[in-house]
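**Student:** Structure incoming, see below.
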Amino acid sequence: MSRPTLVAGNWKMHGSLAANLSLLTALRAGVTPALKPQVAVCVPTPYLAQVQSVLAGSPIAWGAQDVSEHAQGAYTGEISAGMLQDFGCRYTLVGHSERRAYHHETDAQVAAKAEAALKIGLTPILCVGETLEEREADATTQVVTRQLDAIIARLGAAGLSKSVIAYEPVWAIGTGKTATPQQAQAVHAMIRACIAQVDGTVADRLQILYGGSMKPANAKELMGQPDIDGGLIGGAALVATDFLAICNNA
Ligand code: 13P
């Protein structure tokens with residue numbers, strides 16, 4: 001089955017009003033409705049209003065990098081899904097490995113965040129992936145399955161049908177060390193098989209993105225794999241020509 005390709009940028013904690021304006025202006029000029037993939041940028045929350053104003057009416061969607069599991073309340077510093085929706089977000093990343101590692105987000109919390117996003121109508125981009133230590137211990141399948149199981153238990157087939165999954169091997173993030181297309185494809189196929197045990201149609205339609213040092217030079221081959229439906233791009237999403245080149249290679 002052919003699924004639409006999605007190329008999403010994760011700006012992480014980068015940007016300024018001035019730098020964003022030049023990046024967004026270049027993206028807006030370069031991403032035409034004729035471009036094949038769906039395109040999105042996930043930006044630091046304080047810049048959502050700027051991104052909304054620059055990208056409104058363009059084919060580029062936008063989103064956040066995290067969302068609270070709570071709808072509202074005494075949770076200082078947290079941002080709710082409803083707040084993201086107020087700024088026109090279509091997506092939010094959930095469970096990025098940097099959140100899991102530095103903010104100790106658990107599998108259960110990641111699933112709760114995804115549910116909160118879905119409740120408001122946002123599409124969660126659910127990040128999973130193993131560390132180098134786990135890969136070297138041959139635990140990739142076990143770790144990714146554990147991360148997925150928590151999501152499946154909470155969201156079920158209905159929630160998964162409105163979600164995107166991103167496989168991001170932690171050892172490939174920001175390291176310049178990309179998973180080979182074969183390594184990535186193997187995990188993507190495993191993820192799809194795991195979802196197929198819940199619902200075959202949902203699994204067939206699910207967009208599974210690859211993330212980890214994707215750049216113009218390797219994007220085509222990675223996204224050419226049968227179970228890789230796009231990319232979640234970190235560093236290269238900050239350089240308009242690189243991000244656009246990846247979009248054009250999708
Ligand atoms: P890099 O593309 O910089 O490796 O980052 C990948 C990533 O973490 C995207 O979410």
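**Student:** Might you report the magnitude of the Cβ-based charge dipole of the chain about its Cα centre, with Lys and Arg at +1 and Asp and Glu at -1, to the nearest 20 debye?
**Tutor:** That gives the chain a dipole magnitude of about 660 debye.
**Student:** Based on the Cβ-Cβ distance from R90 to R205, what FRET efficiency comes out when R0 is 25 Å, to the nearest 0.05? Show your work: numbers first, answer last.
**Tutor:** On the way: r = 17 Å, r/R0 = 0.69.
Step by step, r from the Cβ atoms, then E = 0.90.
**Student:** Same structure, new question: If contacts are Cα pairs under 8 angstrom and at least 6 residues apart, what is the relative contact order of the chain in percent?
**Tutor:** Relative contact order for the chain comes out at 22 percent.
**Student:** Once the Cβ-Cβ distance between A217 and S53 is put in as r, and R0 is 41 Å, what FRET efficiency do you end up with, to the nearest 0.05?
**Tutor:** Efficiency computed from Cβ-Cβ geometry: 0.80.
**Student:** Okay, moving on. Among T140, T92, what is the fewest-to-most ranking by other Cβ atoms within 10 Å?
**Tutor:** Result, fewest neighbours first: T140, T92.
**Student:** Once you have the Cα-Cα distance between T25 and E136, take 0.36 nm times their residue separation minus that, and quote the gain in nm to one decimal.
**Tutor:** 35.7 nm
**Student:** For the chain, report the translational diffusion coefficient in µm²/s to the nearest whole number, using Stokes-Einstein at 4 °C, 1.567 mPa s, and a Kirkwood Rh over Cα pairs.
**Tutor:** So the translational diffusion coefficient is about 72 µm²/s.
**Student:** To make sure I understand, if each residue's beta carbon is the centre and we count other beta carbons within 10 Å, what order do Y167, Y102, Y210 fall in, fewest to most?
**Tutor:** Working: Y167 26, Y102 9, Y210 32.
Taking fewest neighbouring Cβ atoms as first place, the list is Y102, Y167, Y210.
**Student:** Another question, then. Just rank V94, V7, V54, V187, fewest to most, by other beta-carbon atoms within 10 angstrom.
**Tutor:** Placing the least packed residue first, the sequence is V54, V187, V7, V94.
**Student:** Here is a further query. Using the membrane-span-like helix rule (whole DSSP H runs, Cα extent along the own axis of at least 15 Å, mean Kyte-Doolittle hydropathy at least -1.0), which helices of the chain qualify?
**Tutor:** Qualifying helices, which must be both long enough and hydrophobic enough, are 17-30, 107-120, 140-160, 181-196.
**Student:** For the residue pair T106 and A153, what label-to-label distance in nm results when each label sits 7 Å from Cα along the Cα-to-beta-carbon direction?
**Tutor:** About 1.0 nm separates the two model spin labels.
**Student:** Rounded to the nearest 500, what is the chain's calculated 222 nm mean residue ellipticity when only DSSP H runs of at least 4 contribute -39500 (n - 2.57) each, over all residues?
**Tutor:** Rounded to the nearest 500, it is -13500 deg cm²/dmol.
FYI, it's all coordinate maths here, none of it is from the lab. Since the structure is predicted, the reported quantities are computational estimates derived from the model, not experimental observations. Please note: Cβ atoms are built from the backbone with ideal geometry, for glycine as well, and neighbour counts cover all protein chains shown.
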